[in-house]
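The values are calculated or read from the model by the stated rules, or taken from the named source; none is laboratory data. Because the structure is predicted, anything quoted here is derived from the model rather than measured. Glycine also receives a Cβ, built like all others from the backbone with ideal geometry; neighbour counts cover every protein chain displayed.
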Amino acid sequence: MIERGKGCWLWDVDGNRYLDLRLGDWTLIHGHSDDDIRRAVDTQMAKAAQIGAPEWDVGYRMADLLCDRVPSIEKVRFFASGTDANLCALRLARAFTGKSRIARSVGGYHGTSDELIVGVSVLRPPDELHPPGVVREAGNNMLQIPYNDADGAEQMLRDHAHDLAAVLIEPVMTAAGMLESSHEYLRRLRAVTDELGILLIFDEVVTFPVAYGGAQAHYGIVPDLTTLGKTIGGGLPVSAVGGRREIMDLLEPGAHGGSAPVTVMSTFGGNSASLAAGIACLEKLTPESHARMNRLGNRIRGRIDELGTRYGLPLHATGLGHLIGVHWADERVVDEPSLRLDDREKVLNINLALNNEGYYQTFTGLFLVSTAVGEQEIDGFLHAFERALRTLGYAAP
Ligand code: PMP
């Protein structure tokens with residue numbers, strides 16, 4: 001049982017120490033209990049934790065930070081979870097286009113509402129169309145397009161353009177295995193959605209720390225709306241929807257008062273303590289820290305690929321920047337069909353061996369680098385990874 005964390009380390013109740021490569025379910029880009037974030041929260045708590053008014057200084061400061069960094073964001077609204085943010089983005093897209101269906105990639109996870117969770121094959125058996133407890137009609141307005149298959153996705157978007165409001169996609173499909181989109185795939189989605197009057201929404205709840213301006217800056221593709229969460233709260237709950245002004249304006253009351261065209265509510269959305277934590281977190285997430293995390297991420301991916309080759313195993317790593325996925329499949333895993341070739345049991349066994357060595361990550365073989373981790377710890381992790389292979393009975397010829 002885990003008791004506490006500091007920087008890149010976690011301690012359990014028995015005093016055992018683990019290198020944390022899971023980071024609060026991918027929320028703690030500066031590691032645990034960061035001193036600057038703690039100070040910012042303390043200062044804000046002494047002023048007001050929760051204000052409940054549209055004008056509050058931390059709200060404006062955070063909005064400025066996001067508008068300055070993220071190419072697609074001209075205006076922003078805060079929520080408390082990634083699910084909330086995605087639901088708001090879908091509502092905006094439907095209101096803006098007057099259409100009702102949403103396309104999303106096969107295998108993509110975007111949150112836990114009924115509509116978002118139907119058919120998410122990484123969580124449920126792919127043929128289970130109606131997970132228990134989810135209303136049967138929840139998936140009626142969702143269309144699943146193939147991931148990383150530009151021609152296949154384009155054809156489906158053309159066939160359904162008349163009732164598609166938006167494409168909701170992660171630029172790197174994360175929970176399914178840290179699978180980066182090809183540039184061509186995202187370029188095509190942008191061109192086709194523009195042509196057909198469909199909005200493009202990037203879910204950057206996880207991918208935002210891939211680059212200073214999010215994964216969209218890395219790819220050079222500007223979506224219409226972007227959703228953010230996890231990292232932007234510095235470990236406290238906050239999320240956001242941002243995007244083109246004319247779409248975001250649907251959340252504003254008219255010039256003469258009255259209700260906004262699109263209604264969304266969130267009591268804790270924009271909670272001041274969370275925003276203070278988020279501001280402190282973003283202020284120290286610099287281009288240099290991204291470059292350093294990318295270097296460490298590349299070192300891990302390169303070394304795992306090399307171990308696969310040296311040991312003659314179908315082991316390889318995927319991902320971008322600080323996001324790393326480990327796979328065991330004869331083909332490189334790039335999309336949902338190749339993900340089905342992945343031997344998850346082999347990956348799980350490596351994870352368990354790493355846990356025993358004092359490393360902590362998601363059991364599905366997904367790892368994150370933070371700014372709190374150093375080269376020495378990463379080298380220690382890579383040696384432990386090789387020892388894990390030997391413990392499991394593999395040997396280099
Ligand atoms: N989008 C993505 C890509 C996610 O990974 C998650 C959660 N892991 C969400 C949305 C939902 O975020 P939350 O759990 O804060 O609702």
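Can you spot a residue in region 343-355 that is touching an Asp or Glu at 6+ places or on another chain (Cβ under 8 Å) and either surrounded by 15 or more Cβ atoms within 10 Å (Cβ to Cβ) or among the acidic types (Asp, Glu) (or both)? No, every residue in region 343-355 fails to be touching an Asp or Glu at 6+ places or on another chain (Cβ under 8 Å) and either surrounded by 15 or more Cβ atoms within 10 Å (Cβ to Cβ) or among the acidic types (Asp, Glu) (or both). Screening the candidates Asp203, Asp194, Asp149 for the property of being farther than 30 Å from Ala329 by Cα and charged (D, E, K, R) yields one hit, Asp194. Against the list (1) in a helix (DSSP H, G or I); (2) loosely packed, with under 14 Cβ neighbours inside 10 Å; (3) of a type outside the set (Gly, Ala, Ser), the condition Asp14 fails is (1).
Among the residues of region 175-183, none qualifies, meaning not one is of a type in the set (S, T, N, Q), more than 16 Å from the ligand (Cβ to nearest atom) and over 21 Å from Leu341 (Cα atoms).
For region 262-276, the set of residues classified as surrounded by fewer than 21 Cβ atoms within 10 Å (Cβ to Cβ) and touching a strand residue (DSSP E or B) at 6+ places or on another chain (Cβ under 8 Å) consists of Val264, Ser266, listed by residue number.
Number of residues in region 341-350 that are assigned to a loop (DSSP other than H, G, I, E, B) and in contact with a Leu (Cβ under 6 Å, 6 or more places away or on another chain): the value is 0. With respect to the conditions (1) within 16 Å of the ligand (Cβ to nearest atom); (2) on the phi > 0 side of the Ramachandran plot; (3) more than 15 Å from the chain's Cα centre (by Cα); (4) of a type outside the set (A, V, I, L, M), Gly220 falls short on a single one, namely (1).
Inside region 36-91, can you point out the residues that are free of Cβ contacts under 8 Å to residues at least 12 places away in the same chain and part of a helix (DSSP H, G or I)? Matches in region 36-91: Arg38, Asp42, Ala46, Asp57, Tyr60, Asp64, Asp68.
The residues listed here are Leu87, Leu66, Leu19; of these, the one that is surrounded by 18 or more Cβ atoms within 10 Å (Cβ to Cβ), over 17 Å from the mean Cα position of the chain (by Cα) and at pLDDT 95 or above is Leu19. Among the residues of region 49-91, those identified as within 16 Å of the ligand (Cβ to nearest atom) and hydrophobic (A, V, I, L, M, F, W, C) are Val70, Phe78, Phe79, Ala80, Ala85, Leu87, Cys88, Ala89, Leu90. Hey, does region 324-338 have a residue that's assigned to a helix (DSSP H, G or I), outside the structural domain of Asn148 (by TED's automatic domain parsing), of a type in the set (D, E, K, R) and surrounded by fewer than 22 Cβ atoms within 10 Å (Cβ to Cβ)? Within region 324-338, none of the residues are assigned to a helix (DSSP H, G or I), outside the structural domain of Asn148 (by TED's automatic domain parsing), of a type in the set (D, E, K, R) and surrounded by fewer than 22 Cβ atoms within 10 Å (Cβ to Cβ). Among the residues of region 50-63, the one identified as aliphatic (A, V, I, L, M) and loosely packed, with under 15 Cβ neighbours inside 10 Å is Ala53.
From the list Ala353, Ala317, Ala372, the lone residue that is part of a helix (DSSP H, G or I) and not aromatic (Phe, Trp, Tyr) is Ala353. Against the test of being among the β-branched types (Val, Ile, Thr) and in contact with a Lys or Arg (Cβ under 6 Å, 6 or more places away or on another chain), the options Ile247, Ile279 yield a single qualifying residue, Ile279.
Filtering Leu296, Leu315, Leu228, Leu250 for residues that are within 16 Å of the ligand (Cβ to nearest atom) and at pLDDT 95 or above leaves a single hit, Leu228.
The residues of region 256-276 that are outside any loop (DSSP other than H, G, I, E, B), in contact (Cβ under 8 Å) with a residue 24 or more places away in the chain and not polar (S, T, N, Q), listed by number, are Ala273, Leu275, Ala276. Sub-6 Å Cβ pairs linking a first residue in region 1-28 that is among the polar types (S, T, N, Q) to a second residue that is modelled with pLDDT of 95 or more, at least 6 apart or interchain, are Thr27/Lys230; Thr27/Gly235, ordered by first then second residue.
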